[in-house]
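Report on the structure given below.
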Amino acid sequence: MRGLGALLWPALLVLCLWPGVLPGLLAPLAGGEPPTLDTPLWRLTLVHLGLVAAATVVVVALGVPLALAVTRPGRDALRDLTGAVAGLGQTVPTFALLALAVPALGFGWPPTLLGLVLYGLTPVVGNGIAALRAVDPDALDAARGMGMTPGQTLRRIELPLARPVLLAGIRTATVYNVGTATVGAALGAGGLGEPIINGLSQQNTALVMVGAVLAALLALSLDALLGQGSRQRQ
Amino acid sequence: MIELQGVEKRYGNAPAVEDLTLTFPEGALCALLGPSGCGKTTTLRMINRLVEPSGGRVLLAGEDTRALRPEVLRRRIGYVIQHVGLFPHLTVAQNVATVPDLLGWDRQRTAARVDELLDLVGLDPGTYRDQRPAQLSGGQAQRVGVARALAADPPVLLMDEPFGALDPLAREWLQLAFRDIQRRLGTTVVMVTHDIDEALRLGDLVALMRGGRLVQFGSPDDLVLRPADPFVRQFLGEDAPLRQLAGQPLSAFVSPGDPAGLPVVDASLDAREALGVLLREGADALAVQDGGAPLGVVRWHDLRGSGRRP
């Protein structure tokens with residue numbers, strides 16, 4: 001039953017991507033005329049998904065080792081500092097960050113990815129640190145006392161115990177970034193932000209809704225699928 | 001078996017353990033006793049190098065412990081702590097198999113060893129093998145902790161307040177069960193405790209520490225009857241002889257004699273309970289029976305001193 005529930009949002013997403021379905025549904029918002037786009041919806045969605053996936057890969061590759069590094073014994077000050085800095089990432093307004101990134105990185109994917117990575121690091125590093133700190137110190141003492149090396153303690157004890165909370169952080173980062181990535185269209189990165197921006201400039205609510213509905217469905221689908229994945233692994 | 005030679009530990013300039021020299025003999029259960037902050041846990045942790053000594057030497061079976069990598073050393077030494085520290089994501093069997101896995105034993109040998117150890121600590125392997133630590137009571141968890149520490153058959157076992165977190169009934173049961181296991185295996189045990197009863201009852205030898213120094217090291221009799229200084233006497237308390245009697249079965253004090261007219265007690269009592277009966281009955285001797293069969297007589301003065309340890 002649970003598995004079926006997780007497929008509800010992806011199914012709705014596929015339905016809305018079927019040619020003509022979503023524009024047809026939203027036609028009443030534009031005086032009965034279905035909104036038209038230059039690029040097919042499935043293509044915009046794939047580009048969007050690609051942006052988010054690339055950001056998640058970078059976030060995991062940076063965030064997990066960072067959380068591991070700063071939670072080793074004797075690095076309490078560094079750990080607190082890292083947690084604070086990672087938290088700061090999300091307090092900077094998206095547009096300000098992108099505006100600052102464009103002069104350095106130009107338009108397109110690079111500045112958008114930079115923004116998504118910085119936003120995604122907050123939940124991944126935050127959850128990673130919290131999860132690793134929550135590992136029972138007695139279990140760690142026992143592991144050490146029985147002759148596990150630091151690497152063995154990490155692989156056999158710390159990572160398995162931290163995994164659920166760590167995966168939840170990765171899931172949160174991914175889902176947030178589906179929304180954040182729509183801003184990337186303003187920088188020419190493409191994706192589901194395109195119909196939103198075009199709709200805004202043409203004062204076409206239906207076009208805005210095409211992008212918004214698909215982004216929301218994509219976020220809900222990823223949330224459901226990632227949630228399913230982490231449940232099965234436990 | 002374990003020799004400490006002039007061992008010391010300093011944190012900055014503050015000494016935690018100073019000039020500690022003592023030998024824990026092979027096969028003996030030695031208690032490290034003392035008030036909190038006396039350095040007993042630090043001493044224990046210097047044996048398996050969870051704490052590195054600042055000076056002196058620790059010898060294990062004549063070999064300097066610094067000659068080995070700490071991990072290799074620790075796999076040869078069992079380790080049990082107060083809050084057990086079972087790995088919550090692993091089954092009971094996987095927990096017990098920790099050190100055999102680290103040593104690379106094959107699957108069959110490990111599985112057989114796990115069942116053997118669960119049996120040894122009184123847990124039915126069929127029932128408990130696949131349970132998770134969260135499903136166990138405190139006493140069961142600590143039994144798994146002991147089984148895990150003994151899994152690779154270490155000659156030496158270090159225990160830090162192993163029974164401290166248990167309720168009195170479970171504690172007493174596990175103390176006696178553990179004592180029995182230890183004798184059977186001949187394991188050399190060093191056990192940290194602040195519980196005087198536990199030290200006097202379980203220890204073959206007791207090392208009393210204070211302020212990072214050894215005050216007295218000897219048998220429970222030595223400490224109770226021949227305290228090295230006033231602190232020993234004060235720390236153990238004036239009722240120390242009674243605490244000591246509590247750990248000993250009455251049968252160890254029985255001698256032949258005429259039981260006629262004496263109050264009758266069963267041999268299942270411990271020596272302190274028998275003393276209580278003597279006081280209550282105003283008698284000088286008791287007739288001891290074992291399930292109705294006369295065993296002999298215990299006299300008032302037999303209860304002074306050590307008795308014959310079982």
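The values are calculated or read from the model by the stated rules, or taken from the named source; none is laboratory data. In this text, all values refer to a predicted model and were calculated from it rather than measured experimentally. Cβ placement follows ideal geometry from the backbone for every residue including glycine, while neighbour counts extend to all protein chains displayed.
Inside segment B:104-205, counting only helices (runs of 4 or more DSSP H) that do not spill past its ends, which hold 3 or more residues that are under 16 Å from residue B:90 (Cα atoms)?
Of the helices (runs of 4 or more DSSP H) lying wholly inside segment B:104-205, those with at least 3 residues that are under 16 Å from residue B:90 (Cα atoms) span B:107-120, B:125-128, B:138-150.
Quick one: which residue in B:130, B:119, B:115 is away from chain A (no Cβ under 14 Å) and touching a Ser or Thr at 6+ places or on another chain (Cβ under 7 Å)?
Exactly one of B:130, B:119, B:115 is away from chain A (no Cβ under 14 Å) and touching a Ser or Thr at 6+ places or on another chain (Cβ under 7 Å), namely B:130.
Filtering segment A:120-144 down to residues that are assigned to a helix (DSSP H, G or I) and acidic (Asp, Glu), which residue is nearest to the other protein chains (Cβ to nearest Cβ)?
Here the answer is A:138.
Kindly establish whether residue B:85 is among the small types (Gly, Ala, Ser), within 14 Å of chain A (Cβ to nearest Cβ), buried (at least 21 other Cβ atoms within 10 Å of the Cβ) and not in a helix (DSSP H, G or I).
Judged against the criteria, residue B:85 is a match.
Hey, can you tell me all the residues within segment B:94-119 that are under 12 Å from residue B:130 (Cα atoms) and touching a Pro at 6+ places or on another chain (Cβ under 8 Å)?
Correct list: B:95, B:114, B:115, B:118.
Starting from residues that are crowded, with 18+ Cβ neighbours inside 10 Å and not charged (D, E, K, R), keep the ones in segment B:67-82 and report whichever is nearest to the other protein chains (Cβ to nearest Cβ).
B:79
Conditions (1) more than 10 Å from chain B (Cβ to nearest Cβ); (2) modelled with pLDDT of 90 or more; (3) assigned to a helix (DSSP H, G or I), marked per residue:
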{"residue": "A:155", "(1), (2), (3)": "yes, yes, yes"}
{"residue": "A:175", "(1), (2), (3)": "yes, yes, yes"}
{"residue": "A:178", "(1), (2), (3)": "yes, yes, yes"}
{"residue": "A:191", "(1), (2), (3)": "yes, no, no"}
{"residue": "A:203", "(1), (2), (3)": "yes, no, no"}
{"residue": "A:207", "(1), (2), (3)": "yes, no, yes"}
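If residue B:37 satisfies every condition in (1) more than 14 Å from chain A (Cβ to nearest Cβ); (2) in contact with a strand residue (DSSP E or B) (Cβ under 7 Å, 6 or more places away or on another chain); (3) part of a loop (DSSP other than H, G, I, E, B) but one, which is the exception?
Going through (1) more than 14 Å from chain A (Cβ to nearest Cβ); (2) in contact with a strand residue (DSSP E or B) (Cβ under 7 Å, 6 or more places away or on another chain); (3) part of a loop (DSSP other than H, G, I, E, B) one by one, residue B:37 breaks only (2).
For the structure I just gave you, tell me whether residue A:147 is surrounded by fewer than 18 Cβ atoms within 10 Å (Cβ to Cβ), within 14 Å of another protein chain (Cβ to nearest Cβ) and either among the polar types (S, T, N, Q) or more than 27 Å from residue A:53 (Cβ to Cβ) (or both).
Spelling it out, it is not the case that residue A:147 is surrounded by fewer than 18 Cβ atoms within 10 Å (Cβ to Cβ), within 14 Å of another protein chain (Cβ to nearest Cβ) and either among the polar types (S, T, N, Q) or more than 27 Å from residue A:53 (Cβ to Cβ) (or both).
Does residue A:162 meet the test of being within 14 Å of another protein chain (Cβ to nearest Cβ), over 19 Å from the mean Cα position of the chain (by Cα) and aliphatic (A, V, I, L, M)?
Taking the combined requirement at face value, the residue satisfies it.
Taking segment B:220-241 as the search range and keeping residues that are out of contact with any strand residue (DSSP E or B) (no Cβ under 6 Å at 6 or more places or on another chain) and part of a loop (DSSP other than H, G, I, E, B), which one is surrounded by the most Cβ atoms within 10 Å (Cβ to Cβ)?
Among those residues, the one meeting the criterion is B:227.
Look at residue A:73 and say whether it is closer than 18 Å to residue A:186 by Cα and either within 14 Å of chain B (Cβ to nearest Cβ) or not in a loop (DSSP other than H, G, I, E, B) (or both).
The answer is no for residue A:73.
On the given criteria, is residue B:216 more than 14 Å from the chain's Cα centre (by Cα) and either over 27 Å from residue B:122 (Cα atoms) or crowded, with 17+ Cβ neighbours inside 10 Å (or both)?
Criteria met by residue B:216.
With respect to residue B:90, determine if the residue is out of contact with any Phe, Trp or Tyr (no Cβ under 9 Å at 6 or more places or on another chain) and within 9 Å of chain A (Cβ to nearest Cβ).
When the stated conditions are applied, residue B:90 passes them.
From the list A:88, A:66, A:81, A:98, which residue is under 30 Å from residue A:130 (Cα atoms), part of a helix (DSSP H, G or I) and in contact with a Pro (Cβ under 6 Å, 6 or more places away or on another chain)?
Just one listed residue meets the conditions, A:98.
Residues to consider are B:276, B:282, B:292; find the one that is out of contact with any Ser or Thr (no Cβ under 7 Å at 6 or more places or on another chain) and within 23 Å of residue B:221 (Cα to Cα).
B:276
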